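Student: Pasting a structure below so you can have a look.
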Protein chains: 2
Amino acid sequence: MKITCSQSELSKGVKTVLNAVPGRTTMAILECILIDATGDQIKLTANDMEIGIESIIEGTIEEKGLMAIDARFFGQIINKCPDNDVTIYCDDKYHTFITCDTMNLNITGMPGEDYPKIPVIPRNEPVIISQFTLKELIRQTTFTISEANANNKMMTGELMEINGDNLKMVALDKYRISIRNIKLKESYPNKKVVVPGKALNEIAKILNGGTEDMVEVFFTDNHIIFEFDNTTIVSRLIEGEFINIEHMISNDYETKVKVNKKRLYDKIDRLTPMLFKDAEYKPFIMDIKENVIDLRMNTTVGAMKEQVDITKDGKDLVIGFNSKLFIDALKVIDEEEVNLYMVNHRSPCFIKDEEGSFIYVILPVNIQE
Amino acid sequence: MKITCSQSELSKGVKTVLNAVPGRTTMAILECILIDATGDQIKLTANDMEIGIESIIEGTIEEKGLMAIDARFFGQIINKCPDNDVTIYCDDKYHTFITCDTMNLNITGMPGEDYPKIPVIPRNEPVIISQFTLKELIRQTTFTISEANANNKMMTGELMEINGDNLKMVALDKYRISIRNIKLKESYPNKKVVVPGKALNEIAKILNGGTEDMVEVFFTDNHIIFEFDNTTIVSRLIEGEFINIEHMISNDYETKVKVNKKRLYDKIDRLTPMLFKDAEYKPFIMDIKENVIDLRMNTTVGAMKEQVDITKDGKDLVIGFNSKLFIDALKVIDEEEVNLYMVNHRSPCFIKDEEGSFIYVILPVNIQE
């Protein structure tokens, strides 16, 4: 194999696929990037068996071929190369020569044939969404996904559901649910899949976030495929039915609060040093009155009070929450004002807008006051 | 004690003194900041017994007094306070009330009397140097100081020597020496002290680096004091004679190389991925010829070559170095071109300018080629 590409093009491609190189693995070949120049294009691939990323880069193929090379080492070398053409030559014993300007590197590659292929999947009509919107949807929901080693496998993924021209994404853990709904530009056949949270987070890193740059999303029985900017990301789906959340969502409320989002965020955030060092975990308390919420937090560190102006509808209420859960949700909401809907101190709080484009459900913490 | 200051003023002061709060300590009081409002000014102090920092902040004293408060907790709270006046009140049982806008915090402070005082030291005429120059001198030498737990205590410090209007700073470890000489605006009585590296690094963090902002440096028998911007930093000196380096410095050479600094830096840096993962440590080799240096590095990862154009005076030479030592020195040199002076492959390389304003001495690594 012999190829030549510009350093910038190679560097961009390597950076993209590095997102799918596993940190630790017993299979040395998975720590490699596959360089595939067997066809008409130069294709870089990484694959951790859950998520695979392919990036097509510009360059010339002087001799067709295929090789694998340690991904992180290759990434470091390419990063440090000058802004010039890089030539990679690999002979049939995998002796590899990388040259760029006066640089001359001689290492041993690995057989590209040993690299696990990304499955070739028949594709139907794609769903089209802008990079900006997809990146926002991921940012506004994945923080709720349970950690990869959670007991309930379903909670490590996120529901993507298409219903006509509506795309709904749902993520949840034991204490909260995040829901986002958006309107697509056109209608599509209904779909309902569960995408691993890890895949979504990797995709968000690669998306440039442009409002005019489109992503094509293909759904198959076992995989989801994202195509954009010469990049293809294939992720396995999580098999099974997603947790039914419909019975947890309700429009009833006894107390409705309208509040400036940034002000509420800052004031709850200001309470968090009360959990300093080994302070016993304590919730913060919202004491909701006519035009104001009194915020209180008492820990072994001391006692803190804050106050935030609100507009209230309905009953007064005293309710406790984990400060992190509340902050996480407020952090991703872009609206200037938010509405909180509550029934009583044992029922979840709904943070949502009128249109239901976002719904954050947070379970309260039991308090004795 | 009762004081009121603006959040910004308090936050700046706390940030400054936090640099002297030790990370872990068995004396809880050392993890505190002392707030001293017994006089006419509000003074914040932190002291890890090696280095003490005092910062005078603007504000009003409504009731004189003294208290100590957990430094990191206080730092977090003050950071999160809104941009408004902060009032701190501490009663005689150290119940402490901090209020800012709608915030109301109630914690327990500690007796300020228990806080270890920074020694009050009689001062002579100060040496005056700009913040910019001091910050640069520190950046350009402290990277050579041995780690705090080094066997030779003297190597954990840096020589500051005043000779008329010349200030010389010297730092060294087992493999290298860094020397900087600058001309002061006037002449001072001769001084020769060894300042702990840790103190210099903390000072560099606090200096704003302005060319017009001056630092007054006071030398006493056991301490060095830096005064600037309402801030006083007192550090103990390291007792004893600094390592005599005069016999290690020589102007003889057999090979002199003039080279573009950035180009040499980039090319040596490009060799460093060859030490990837568990690759056995290997030096890089400089093969110095008429108009060019061939750079080579062979490790278990592979073999790499680079080349850099030079102007040479004297003999050809093949010599090996630890890449990190060379990169560290080149990184802090601001000149576009540097001169390397060498005698043979067993003698140190001197990187210096014509005027001797900087001298970096690097020991070679033994190579068999």
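Student: When you scan region B:279-289, do you find a residue that is open to solvent by 30 Å² or more (accessible area, probe 1.4 Å) and modelled with pLDDT of 95 or more, even just one? Give the steps one after another, and end with the answer.
Tutor: The initial filter retains those residues of region B:279-289 that are open to solvent by 30 Å² or more (accessible area, probe 1.4 Å), namely B:280-282, B:289.
Next, from what is left, pick out any that are modelled with pLDDT of 95 or more: B:289.
Within region B:279-289 (the criterion being open to solvent by 30 Å² or more (accessible area, probe 1.4 Å) and modelled with pLDDT of 95 or more), the answer is yes, since at least one residue qualifies.
Student: Still on this structure, please answer the following. Name the residue, out of A:128, A:118, A:98, that is in contact (Cβ under 8 Å) with a residue 12 or more places away in the chain, of a type outside the set (D, E, K, R) and not in a strand (DSSP E or B).
Tutor: Details: A:128 fails: not in a strand (DSSP E or B); A:98 fails: not in a strand (DSSP E or B).
One residue alone meets the criteria, A:118.
Student: Would you confirm whether any residue within region B:77-87 is open to solvent by less than 10 Å² (accessible area, probe 1.4 Å), within 11 Å of chain A (Cβ to nearest Cβ) and without any contact (Cβ under 8 Å) to a residue 24 or more places away in the chain?
Tutor: Looking for residues that are open to solvent by less than 10 Å² (accessible area, probe 1.4 Å), within 11 Å of chain A (Cβ to nearest Cβ) and without any contact (Cβ under 8 Å) to a residue 24 or more places away in the chain, one finds none in region B:77-87, hence no.
Student: If a residue must be basic (Lys, Arg) and in a loop (DSSP other than H, G, I, E, B), how many such residues does region A:22-57 contain?
Tutor: Here the count works out to 1.
Student: In this structure, does residue B:236 turn out to be within 16 Å of the chain's Cα centre (by Cα), over 28 Å from residue B:22 (Cβ atoms) and not hydrophobic (A, V, I, L, M, F, W, C)?
Tutor: Numbers: within 16 Å of the chain's Cα centre (by Cα): yes; over 28 Å from residue B:22 (Cβ atoms): no; not hydrophobic (A, V, I, L, M, F, W, C): yes.
So residue B:236 does not fit the description; no.
Student: Still on this structure: Can you list residue pairs whose Cβ atoms sit under 6 Å apart, with the first residue in region B:23-35 being crowded, with 24+ Cβ neighbours inside 10 Å and the second being assigned to a loop (DSSP other than H, G, I, E, B)? Count only pairs 6 or more apart in sequence or on different chains.
Tutor: So the pair list comes out as B:34/B:115.
Here's the yes/no breakdown for (1) basic (Lys, Arg); (2) more than 10 Å from every other protein chain (Cβ to nearest Cβ):
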| site | (1), (2) |
| --- | --- |
| B:284 | no, yes |
| B:289 | yes, yes |
| B:293 | no, yes |
| B:309 | no, no |
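Student: Moving on to the next point. Among (1) assigned to a helix (DSSP H, G or I); (2) at pLDDT below 95; (3) more than 10 Å from every other protein chain (Cβ to nearest Cβ), there is one condition residue A:274 misses while meeting the rest; what is its number?
Tutor: Failing condition for residue A:274: (3).
Student: Is it true that some residue in region A:298-309 is open to solvent by 50 Å² or more (accessible area, probe 1.4 Å), more than 30 Å from residue A:193 (Cα to Cα) and assigned to a loop (DSSP other than H, G, I, E, B)?
Tutor: yes
Student: Moving on. Within the bounds of region A:169-179, is there any residue that is free of Cβ contacts under 8 Å to residues at least 60 places away in the same chain, part of a strand (DSSP E or B) and crowded, with 16+ Cβ neighbours inside 10 Å?
Tutor: yes
Student: If you don't mind, another one. Quick check, is residue A:191 of a type in the set (D, E, K, R), open to solvent by 70 Å² or more (accessible area, probe 1.4 Å) and part of a strand (DSSP E or B)?
Tutor: For residue A:191, the condition - of a type in the set (D, E, K, R), open to solvent by 70 Å² or more (accessible area, probe 1.4 Å) and part of a strand (DSSP E or B) - is not met.
Student: Please specify each residue of region A:72-95 satisfying the condition of being touching a Pro at 6+ places or on another chain (Cβ under 7 Å) and assigned to a loop (DSSP other than H, G, I, E, B).
Tutor: A:94
Student: Looking at region B:248-265, is at least one residue free of Cβ contacts under 8 Å to residues at least 40 places away in the same chain, within 14 Å of chain A (Cβ to nearest Cβ) and open to solvent by less than 20 Å² (accessible area, probe 1.4 Å)?
Tutor: no
Student: So the check is Cβ under 9 Å with 6+ separation or different chains; which pairs have a first residue in region A:64-76 that's more than 11 Å from chain B (Cβ to nearest Cβ) and a second one that's among the aromatic types (Phe, Trp, Tyr) and open to solvent by 40 Å² or more (accessible area, probe 1.4 Å)?
Tutor: A:67/A:94; A:68/A:94
Student: Of all residues being touching a Phe, Trp or Tyr at 6+ places or on another chain (Cβ under 6 Å) and of a type outside the set (A, V, I, L, M) in region B:115-130, which is modelled with the highest pLDDT? Just the residue, please.
Tutor: Filtering first and then ranking leaves B:126.
Student: Also, quick follow-up: Assuming residue B:277 fulfils every condition listed in (1) touching a Leu at 6+ places or on another chain (Cβ under 7 Å); (2) more than 26 Å from residue B:336 (Cβ to Cβ) apart from one, which condition is it?
Tutor: Among (1) touching a Leu at 6+ places or on another chain (Cβ under 7 Å); (2) more than 26 Å from residue B:336 (Cβ to Cβ), residue B:277 violates only (1).
The values are calculated or read from the model by the stated rules, or taken from the named source; none is laboratory data. Quick caveat: nothing in here was measured; it's all calculated off a predicted structure. Counting neighbours? That spans all protein chains shown, and the Cβs are built from the backbone with ideal geometry, glycine included. These accessible areas exclude ligands, DNA and RNA; they are computed on the full protein's heavy atoms, side chains included. Shrake-Rupley method; radii C 1.70, N 1.55, O 1.52, S 1.80 Å.
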